[in-house]
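Since every read-out is calculated from the coordinates, none of them should be taken as a lab result. Since the model is a prediction, treat every value here as computed from it, not as a measurement. Virtual Cβ from ideal backbone geometry, glycine too; neighbours counted across all protein chains shown.
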Amino acid sequence: MIAKGLFFMPLEFARLVFVGFSVLTAIAASYIALLLIGRITDKSRTHPLWWVGGSSLVFGAGIFSMHFIGILTHHSAAPVQYDPLLLSVSFIGAVGATVPAFYILRLPDPPKSRLVLSGFSIGFGVLFMHYTGMAAAQAVGTPSFHVTPFALSVLVAFGFSLVALRIFSRNREAPESARRKLASATILGAMISAAHYTGMEAVSYSEMPTGPHSFSNMGLAFVVSALILLMLAIAGYLAYLDQKQLMNEQRYLKKIRESERRFRRLAELSPEAIAIHSNGRLLFVNQACLNLFGETDAEKLIGTDVLAYVHPDYRELAKSRIQSMNRGHSTQPAEQIWITPQGEARDVEVTGMGIEFEGNSASQLLIRDITEQKQINRELELNRQRYESLFHNNPDGIFSMDASGCLIDVNDSLVRLLGYTREELTETTFHKVVESCHLSATEAKFRLALEGVTQNYETVGIHKSGRRVSLRITNMPILIDGTVTGVYGIAKDISAEKRALVLLAESEEKYRSLFDYNLDAVFEMDREGRFVNANAMTEQLSDYRLDELIGLDFTPLIAEQVERVQGFFASALNGEAVNFEQRIRRKDGDILEVDINAVPKRRNGEIDGVFAIVRDITEKKSNEQEINRLAFTDQLTGLPNRHWFYQNIRNVLARTEEHQQKIAVLLVDFDDFKSVNDLLGHFGGDQFLKIVANRIHSCLGPDDTISRFGGDEFIIVSENTGEPQAHALAQAILQVMREPVQLLGQEFSVTLSIGIAVQTGCESDGEELIKEADFAMYAAKQNGKNNFQVFTRELDSLMTRRSQMEQALKKALDEQQFALHYQPQVNLASGEVIGYEALLRWQSPYGNVPPSEFIPIAEETGLIVPIGEWALRQACRDAKEFRALGHAAENISVNVSARQFKDPDFSEKVRAIFEQESADPRRFEIEITESVMLDIERSARIICELKALGLRIAIDDFGAGYSSLNVVKNVEIDTLKIDKSLIDEVLINRRNLFILAAIIEVGKNLDARIVIEGIELEEQAELLQPFGIVGQGYLFSRPLPPGSLDAFLSEPDYNAASTSAKPLE
């Protein structure tokens, strides 16, 4: 009927009806949707997503309906048809865009950003549905698009959506929420309508034929009308229900508020502290709670975290209790410690329960301040523990008695004191444990204590064993509510005190004996240092009479450093025991050295003076000085010794550093002092040293000091000097030594080697200077002796290499770095090789080191002894290999050092080597130098022992030094090896030739074989050939390793002249 009526309405009136109807449709749909969304926020609702979906469906259907009513109105003059697919898409888009917007609006207080997103989502849905629906409408004509109306429709859609949703979100919890919802729905409906009709103006059509597959305006009008009527009916019904529920809620809220007002009045008046919190945030505190927290303004506490006031030790417990209350459970009272905002710790007892506060679930805390109660309990407990500690741990016996004298309680000390058990004592009266003769007096004291008068007295108790125990008793009345109910007692064992009184008398007598008859001076002084008492030895030591000492201050007796002694005296007054040595002046003016021990003198626990014991150590100090002098003085020369030097050098270096000066150290060593000592004996050698030491001392200046550093070594330290002055001092010493020494009827020439080290910087220490001087002195000896050398960096490099060589030599034997090379010895007449000299070679880590460098080092360090033994043993082994090859020589010469020859067991060691190696000693010759023969007697004995083994003896370097004829005169020698120096100029100096011929003649007359060393020229060999001797030198061959001898001897054209070789550089 409605449709039929509409067909007959005037066109303009029908349009107005449809426009109004469309606007009401949009408002109604918006109201219903907002109403449903508002109901979702009620926490009692379940399945909120269903409510969001229903709201979105209602709102989308309303927009859809309004749109098509508007389309019908706009195109009422011409028929319009619709595309079903686009029509469905527009409806689904409207509903779909509304879902996220209403999902956000369901939150109680959505943030602004989400509220803006919700408004944009609804605006987008409206626009999407409108323009998609416009596209579904197939009106007659060609559509044309207008930008301005389109832009205006977009602004209207988004703007009105944001305004409407903002109003709804802010006011939905207000009492007049229904009116606010209607206002929001009106704004939202108006936006939808405005956006629709503005958007309609964005598209216009020209005349076109109607398309197929669409339905007419009349059919759409019926559908839309039906939807609108349905929505209005639902809206009316929901509005009725909403109003009814709103009234019920208002009545319920009024009752809740009234209940909360009553609760607040009761809470405010409660003497107990009450706090209400939700999710840990304080919502309410009463006045008692403010008093507990020391606050006056509740707003300072409201909103703060309740856990912030809980002590960290109880925080986890508080969290679990809050969780339990959130689940609706009540919590039992629990003791905790809370911290006030001022940082004060309070002991509290907290009881909690879940409640509803201002329409929300919350937790109520009843907080009882038990700080004072806890303090009282703690003090009571401390008092109880103190009493029990005093009772049980007191070293004196403590007991309590009733009015009849029965023992009620006793401590362990009384049990130990009397020997009874606790049970035995508490079953009897005090009469049983008091000696009978003291019982009446003890009973009287007990009665007085019962009358309220404290008693102190002495009595005698009887131990269970029958032993008497002297006791000092204190009896005190036990007062309960002002009435004496018994007696407390303290029993102190004074048996030891009684005995001590006896001992004290004895001790006083002993003290007087120790004081009066002590061999040391003993005296007392008061706090001002005045003598109070003194024994007889004090009078004897000080030369003062006792009456002169009493009251005298000690300072007149102090000979020096009075302030120091006063400091010691003050330390003794401060409770320290002090000991020190001091020089004092007697009354007669004599000075004494004394040792003083001073201790504090106490009286009644307070220091009232000093007690001192003084011993005369004058003689002891004199003896110590003499001992010290002897310890730092060389007894032979009277010069300072090595110990004094090391002590002095530290002082000298300190002074030079302070004054920015330099020093020089000169190390002086005698050349060949041992020969003097051997010749004159030790006594003569000592006299020789004294004479030479005096000569050196005479050369020194005022800044120079000399010490005897070793046997024949002296060291000089010259202060404030440089290298030129050190040169001059060394030169003066060498000059004064040029005069021969006359001693024991003999005359001796003295030569010295002096090493000089000049301090290069204040950082140099004594040990470094001595080391440098020693290096320089060694260089002087290497440089021919009787000179001085100054330490330089170049010398340091040489000494460093020497040190490296020395260290490497120590490993050379173990690492098999040594080898023997053999130099042939040739019969000059026949050219036949008749022997070899074994020469030591060292393949060191530093390369080939010449024997002239490493042999002296080995001699000095003593390493030559094991090296020499190895060389002899290796020569024995090589000889056996020569023999196996068929080249066995008649003779193999092995050099032996003077150091080896000094070994008294040398010949025995040689014998053992030949036996162990199974070598024939008759094929070997031992070469020794003339220096070995200085001790002719011992050397002759060892030579005889070696010859007894079958060994031959050769004198090496014959004619190069010492008394050659003296050697061959006293010892039977098999071979004389003439030194190379005698043939160097034999071709140009006939004098040398005559000397050489004479030596050869002497050797032959002694039946000794003559070997000439160092032949390098054929002319030398031709000149010596008529003498019938043996030659050795580079003319015939260099020293060869054992493996090369076979090739040397196997040459077919071998002869003496053809084996010449150039000398090594």
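Projected onto the charge dipole of region 518-622 (+1 at Lys/Arg Cβ, -1 at Asp/Glu Cβ, origin at the Cα centre), which of 542, 578, 565 gives the Cα projection farthest towards the positive end?
578
With the Cα gyration tensor of region 967-1017 giving a ≥ b ≥ c as the square roots of its eigenvalues, does the rule (a/c under 1.5 for rounded; else a/b larger than b/c for prolate; else oblate) give rounded, prolate or oblate?
prolate
Using the Cα gyration tensor of region 711-823, with a ≥ b ≥ c the square roots of its eigenvalues, what is the shape: rounded (a/c below 1.5), prolate (a/b larger than b/c) or oblate (neither)?
Taking the square roots of the gyration eigenvalues as a ≥ b ≥ c, region 711-823 is oblate.
With the crude spin-label approximation of a point 7 Å out along Cα→Cβ, what separation in nm comes out for residue 713 versus residue 574?
Label-label distance for residue 713 and residue 574, simple model: 4.9 nm.
Identify the GluC sites (Glu not before Pro) of region 421-462 meeting these criteria: DSSP loop state and at most 16 other C-beta atoms within 10 Å of the C-beta.
427, 435, 451
Mean separation of Cα pairs under 8 Å and 6+ residues apart, divided by the residue count of region 394-498: what relative contact order is that in percent?
It comes to 28 percent, rounded to a whole number.
Please give the contour-minus-distance gain from residue 404 to residue 768: 0.36 nm per residue of separation, less the Cα-Cα distance, rounded to one decimal in nm.
Computed gain between residue 404 and residue 768 is 121.5 nm.
Give me the distance in nm between label points sitting 7 Å out from Cα along the Cα-to-Cβ direction at residue 917 and residue 443, one decimal.
Once both label points are built, they end up 11.8 nm from each other.
Over the Cα atoms of region 394-498, what is the Rg over Rh ratio if Rh follows Kirkwood?
0.94
Sorted by average packing, counted as other Cβ atoms within 10 angstrom per residue and highest first, what order do 1037-1050, 703-716, 384-397, 524-537 take?
With the highest mean Cβ count within 10 Å placed first, the list reads 703-716, 524-537, 1037-1050, 384-397.
What are the GluC sites (Glu not before Pro) within region 292-362 that DSSP puts in a loop, where the Cβ has at most 16 other Cβ atoms within 10 Å?
Here the sparse-neighbourhood loop sites are 295, 344, 358.
Relative to the present Cα-Cα distance, how much length would full extension add between residue 512 and residue 1005 at 0.36 nm per residue of separation?
167.4 nm
Could you give the length gained by full extension between residue 117 and residue 623, i.e. 0.36 nm per residue of separation minus their alpha carbon distance, to one decimal place?
Stretched out fully, the residue 117 to residue 623 stretch lengthens by 171.1 nm.
In terms of Cα to Cα distance under 19 Å, which lysines are near enough to residue 601, apart from those fewer than 8 places away along the same chain?
510
Hey, how many Å between the Cα centroid of region 580-658 and the Cα centroid of region 426-440?
Region 580-658 and region 426-440 have Cα centres separated by 68 Å.
Two decimals, Cα atoms only, Kirkwood Rh: what is Rg/Rh over region 383-456?
We get a ratio of 0.98 for region 383-456.
Taking neighbour Cβ counts within 10 Å as the exposure measure, how do 476, 401 sort from fewest upward?
The most exposed by this proxy come first: 476, 401.
Distance between Cα centroids, region 471-539 to region 841-871: provide it in whole Å.
84 Å
Quick one: if you stick a label point 7 Å off each Cα along the C-beta vector at residue 581 and residue 456, how many nm between them?
With each label point 7 Å from Cα toward Cβ, the separation is 5.3 nm.
Return the lysines within reach of residue 947: Cα separation strictly under 22 angstrom, same-chain partners fewer than 8 residues apart disregarded; answer none if there are no such residues.
Once the sequence-local lysines are set aside, what remains near residue 947 is 880, 902, 909, 969, 977, 1004.
Among 325, 353, 191, what is the fewest-to-most ranking by other Cβ atoms within 10 Å?
Starting with the residue having the fewest Cβ neighbours, the order is 353, 325, 191.
Using Cα positions and a limit of under 20 Å, work out the lysines in reach of residue 785, with same-chain residues fewer than 8 apart set aside.
674, 771
Once R0 is set to 35 Å, what does the formula 1/(1 + (r/R0)^6) return for the Cβ-Cβ distance between residue 744 and residue 902, expressed as a FRET efficiency to the nearest 0.05?
It comes out at approximately 0.85.
Taking 35 Å as R0, compute the FRET efficiency from the Cβ-Cβ separation of residue 50 and residue 353 and round it to 0.05.
My answer for the efficiency is 0.50.
As an exercise, use a Förster radius of 25 Å and the Cβ-Cβ distance of residue 396 and residue 500 to find the FRET efficiency, rounded to the nearest 0.05.
0.90
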